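See below for the structure under consideration.
The values are calculated or read from the model by the stated rules, or taken from the named source; none is laboratory data. Everything numeric in this text was worked out from a predicted model, so none of it was measured. Positions of Cβ are backbone-derived with ideal geometry, glycine not excepted, and every protein chain shown enters the neighbour counts.
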Amino acid sequence: MKVEQKGHTTIIKDTLGQTAEFLMKVTHEHNTYKNSNLILDLTHDKNLSLEDVKSFTELIKLHKKQKKSIVLVTDNVNFNAVPKSIILVPTILEAHDIIEMEEIERDLGF
């Protein structure tokens with residue numbers, strides 16, 4: 001797991017390609033990141049499935065209660081099959097763009 005801070009966003013990269021372990025670590029350390037927008041980079045896991053992505057649902061709900069954004073990054077999953085409650089994009093750049101838009105929406109009171 002590699003952690004990088006960029007402004008008001010924390011990027012956490014799964015370096016092992018073991019999504020279940022990565023999810024456990026991030027969930028366990030959530031208090032460390034709860035005041036920051038999160039980008040969870042899952043691109044290292046080439047066997048990532050839709051079910052793996054759905055396993056992040058509880059963490060996403062927990063993080064959104066803090067009025068912060070959380071975006072998953074991978075290009076191995078069919079984006080049309082992902083539930084609307086999960087924000088999934090293919091690149092880190094797009095994840096930053098989504099967070100920026102959500103920050104603006106929160107500032108405007110949406």
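Just give me the residues in the range 69-83 being at pLDDT below 95 and either of a type in the set (D, E, K, R) or part of a strand (DSSP E or B) (or both), in sequence order. Scanning the range 69-83 gives a single hit, Asp75. Within the range 34-68, if we keep just the residues that are of a type in the set (A, V, I, L, M) and not in a loop (DSSP other than H, G, I, E, B), the residue that is surrounded by the fewest Cβ atoms within 10 Å (Cβ to Cβ) turns out to be Leu62. Residues satisfying the criterion are present in the range 69-81 (criterion: surrounded by 16 or more Cβ atoms within 10 Å (Cβ to Cβ) and farther than 16 Å from Thr9 by Cα). Among the conditions (1) of a type outside the set (S, T, N, Q); (2) within 17 Å of Lys2 (Cβ to Cβ); (3) more than 14 Å from the chain's Cα centre (by Cα), the only one that Arg106 does not satisfy is (2). Can you tell me which residues in the range 1-60 are hydroxyl-bearing (Ser, Thr, Tyr) and touching a residue at least 40 places away in the same chain (Cβ under 8 Å)? Passing the criteria: only Thr9. Name the residues in the range 88-102 that are hydrophobic (A, V, I, L, M, F, W, C) and either surrounded by fewer than 16 Cβ atoms within 10 Å (Cβ to Cβ) or without any contact (Cβ under 8 Å) to a residue 24 or more places away in the chain (or both), would you? Answer for the range 88-102, where residues must be hydrophobic (A, V, I, L, M, F, W, C) and either surrounded by fewer than 16 Cβ atoms within 10 Å (Cβ to Cβ) or without any contact (Cβ under 8 Å) to a residue 24 or more places away in the chain (or both): Val89, Leu93, Met101. Among the residues of the range 85-100, is any at pLDDT below 95, of a type outside the set (Gly, Ala, Ser) and in a strand (DSSP E or B)? No: the range 85-100 contains no residue that is at pLDDT below 95, of a type outside the set (Gly, Ala, Ser) and in a strand (DSSP E or B).
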